[in-house]
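Following: one structure in structure tokens, then a few remarks.
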Amino acid sequence: MNEFAHGAMLVGALTGAGCAVTTRRAALDLAASAVMLLAMCDMAFTRLAPPLAWTIVLVGIGLALGVRLRTEQAGHRARIPAPGRPRLLHRALTFIVGGWAFAMPVAADAASSAHAHGGGGAFALAALAMTVFGGCLVVRELRADGARRLRHAAEAASTSLMLAAMAVPGVVAALA
């Protein structure tokens, strides 16, 4: 099960990075995609960095993306058109929920030592909510015209796949 989840996470992160590279993006977006891909590779293959470090980095990037969205939206002339805001919000929240996934093993270790069970259900619900949000974005983007919209739909689908794959092992373990 974990190999399937790791494969889906890598496909999602690689597709998301490809979408970011093939569109005109800010340096923060490109760096964010590269870091997410590195985090997924580390989670799947090497585990060189501690999970807490990835949590801090990914949540920090998610907050930076959210702050950028908020400050650009609050400007006198909003630089982000209204149709793009949900997509950028989804992207920022993906990093935060993705960081949460890295924190889950740390929380699980602490919980098992205290004979308690918690946190996994909340993460699974957050991942499910983000997957539904991403699915809605995919449908909306596919209804619009243009190659750019197709890339946006692919990016929303890939990040949703990645988050869902992160949640599957915990959900299966909870049901077993």
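The values are calculated or read from the model by the stated rules, or taken from the named source; none is laboratory data. Small disclaimer: the values here were computed from a predicted structure and weren't measured. With ideal geometry, Cβ positions are generated from the backbone for all residues, glycine too; neighbour counts draw on all protein chains shown. To get the accessible areas, we keep the full protein, side chains included, count just its heavy atoms, and leave off ligands, DNA and RNA. Shrake-Rupley method; radii C 1.70, N 1.55, O 1.52, S 1.80 Å.
Just a yes or no: is a residue in the range 36-47 at positive phi and surrounded by fewer than 19 Cβ atoms within 10 Å (Cβ to Cβ)? Yes, because at least one residue in the range 36-47 is at positive phi and surrounded by fewer than 19 Cβ atoms within 10 Å (Cβ to Cβ). Within the set 59, 171, 106, the sole residue that is of a type in the set (Val, Ile, Thr) and either farther than 23 Å from residue 6 by Cα or modelled with pLDDT of 90 or more (or both) turns out to be 59. The residues in the range 134-165 that are at pLDDT below 85, in contact with a helix residue (DSSP H, G or I) (Cβ under 7 Å, 6 or more places away or on another chain) and surrounded by fewer than 21 Cβ atoms within 10 Å (Cβ to Cβ) can be counted, and the count is 2.
Of the residues making up the range 146-163, at least one is part of a loop (DSSP other than H, G, I, E, B) and of a type outside the set (Lys, Arg).
With respect to residue 57, determine if the residue is assigned to a helix (DSSP H, G or I) and open to solvent by less than 70 Å² (accessible area, probe 1.4 Å). Against the criterion (assigned to a helix (DSSP H, G or I) and open to solvent by less than 70 Å² (accessible area, probe 1.4 Å)), residue 57 qualifies. Do you know which of the residues in the range 13-54 that are small (Gly, Ala, Ser) and not in a helix (DSSP H, G or I) is farthest from residue 138 (Cα to Cα)? If we take residues in the range 13-54 being small (Gly, Ala, Ser) and not in a helix (DSSP H, G or I), then 49 is farthest from residue 138 (Cα to Cα). Within the range 69-92, the set of residues being modelled with pLDDT of 65 or more and either open to solvent by less than 30 Å² (accessible area, probe 1.4 Å) or more than 20 Å from residue 137 (Cα to Cα) (or both) comprises 69, 71, 72, 84, 90, 91, 92.
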